[in-house]
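What follows is calculated from the coordinates using simple rules that are stated; it is not laboratory data. Because the structure is a prediction, the values reported are computed rather than measured. No Cβ is skipped: glycine too gets one built from the backbone with ideal geometry, and neighbour counts run over all protein chains shown.
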Amino acid sequence: MRLTLLLLTLAAPAWADTVVATRTIRPQSILTAADLAVQPTDFAGAFDRPDPLIGQETRVVLYAGRPVLPEDVGPPALVERNQIVTLAYSRAGLLIRLDGRSLARAGVGERVRVMNLQSRATLTGRVQQDGTVRVE
C-alpha cells in the first residue's frame with residue numbers, strides 16, 4: 001500500500017504558478033500588468049511572477065493563455081535596426097568615438113552588431129544607457 005502511494009505521488013505532475021498572456025500580444029510591445037495573469041500549470045521554465053515582466057518588451061508574439069518564457073521578452077529596444085549610433089572604444093586611457101550603423105534592434109545591456117561607417121567593418125558591442133554602443 002505504501003509503495004503504491006509513493007509511486008502515485010512521484011508520477012503526479014508538479015503544479016506551480018505560471019505567468020500567461022491574457023491576450024495575443026504583438027512583438028515589440030511593452031508589457032503591462034493587464035497583459036499578464038498567473039495560472040497554475042505544470043509548465044517548466046516559465047515565469048512564476050509577473051513583476052519582472054512589467055515594462056519588458058516582447059520579442060515574439062505572445063498568445064493568450066500560453067506561458068511567457070524568458071526568451072520571449074527582453075529590455076525595451078533603445079537602438080533600432082539601421083539607426084546611426086555612436087561607437088565607443090576605450091582601452092588604457094584611449095577613447096575613440098565614431099559613427100556606426102546598427103544592424104539589429106537591441107536594448108540596454110544587449111549585444112548588437114554594428115557597422116563602422118568609415119571602414120565598413122562589422123563590429124560587436126554592448127548598448128549603453130545613453131544609446132552609445134561600447135565596442136568589445
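Quick rundown of the values:
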{"read-out": "Point-to-point label distance, T22-N82, nm (Cα→Cβ direction, 7 Å offset)", "value": "3.6 nm"}
{"read-out": "For the range 32-136: relative contact order, % (alpha-carbon pairs under 8 angstrom, 6 or more apart)", "value": "19 percent"}
{"read-out": "Within the chain, helix-based [θ] at 222 nm, where runs of 4 or more DSSP H residues each add -39,500 (n - 2.57), nearest 500", "value": "-2000 deg cm²/dmol"}
{"read-out": "Quarter of the Cα convex hull surface for the range 51-111, i.e. its orientation-mean projected area (nm²)", "value": "5.9 nm²"}
{"read-out": "Pairwise FRET efficiency - S29 versus T124, Cβ, R0 = 25 Å, nearest 0.05", "value": "0.40"}
{"read-out": "Rounded to whole Hz, the Karplus (6.51, -1.76, 1.60) HN-Hα couplings of the range 88-96, x for glycine and proline", "value": "10, 10, 9, 7, 6, x, 8, 10, 10"}
{"read-out": "Interchain or long-range residues, amide H under 5 Å from L78's placed H", "value": "A106, G107, V108"}
{"read-out": "Evaluated over the chain, the Cα radius of gyration and Dmax, each in Å", "value": "21.5, 77"}
{"read-out": "C-alpha long axis of helix 2-11 to longest principal axis of the chain, angle in °", "value": "30 degrees"}
{"read-out": "Globularity ratio of the range 77-136, using Cα Rg and 2.2 N^0.38 Å", "value": "0.99"}
{"read-out": "Candidates R49, R59, R120: whichever shows maximal mean-square fluctuation once the chain is modelled as a Gaussian network with Cα springs under 10 Å", "value": "R120"}
{"read-out": "Relative compactness, the range 32-73, computed as alpha-carbon Rg over 2.2 N^0.38 Å", "value": "1.06"}
